[in-house]
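Q: Mind having a look at this structure? Questions to follow.
The values are calculated or read from the model by the stated rules, or taken from the named source; none is laboratory data. All values reported here derive from a predicted model rather than from experimental measurement. Note: accessible area is taken over every heavy atom of the protein model, side chains too, but ligands, DNA and RNA are not part of it. Shrake-Rupley method; radii C 1.70, N 1.55, O 1.52, S 1.80 Å.
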Amino acid sequence: MPARLLSIPTVAAALDVDRRTVYRFIAAGELPVVDLRTGPGRSRVRVPAASLDEFLSRRAVAMPTARR
């Protein structure tokens with residue numbers, strides 16, 4: 001089964017961040033993309049859903065326990 005590919009706006013909405021933030025994660029190498037360039041124009045990138053899941057797993061933190 002082919003990987004599900006997500007657009008940048010979809011990823012931004014899932015992370016509740018601006019699109020520019022998603023592009024920063026991509027530029028930093030934290031979020032892999034697939035380039036669907038079809039010609040010499042602008043690239044058309046998509047984020048594999050599995051990559052987004054891995055990104056979230058790497059950034060997950062445990063909530064501190066409440067003190068009594």
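Q: If you plug each phi of the stretch 36-45 into the Karplus form 6.51 cos²θ - 1.76 cosθ + 1.60 with θ = phi - 60°, what whole-Hz ³J(HN,Hα) values come out, in order, with x for Gly and Pro?
A: Along the stretch 36-45, the couplings run 9, 3, 10, x, x, x, 4, 6, 10, 9 Hz.
Q: Also, quick follow-up: What accessible area per residue, rounded to a whole number of Å², is obtained for the chain using a probe radius of 1.4 Å?
A: Per-residue accessible area for the chain comes out at 82 Å².
Q: Express the carbon and sulfur contribution to the solvent-accessible surface of the chain as a percent, rounded to the nearest whole number, probe 1.4 angstrom.
A: 53
Q: Could you please put L15, L56 in sequence from largest to smallest accessible area, using a 1.4 Å probe? Show your work: numbers first, answer last.
A: On the way: L15 35, L56 85 Å².
The residues order as L56, L15, largest area first.
Q: Can you list, bin by bin at 10 Å, the percent of alpha carbon pairs in the chain, starting at 0?
A: 18, 47, 21, 9, 4, 1, 0
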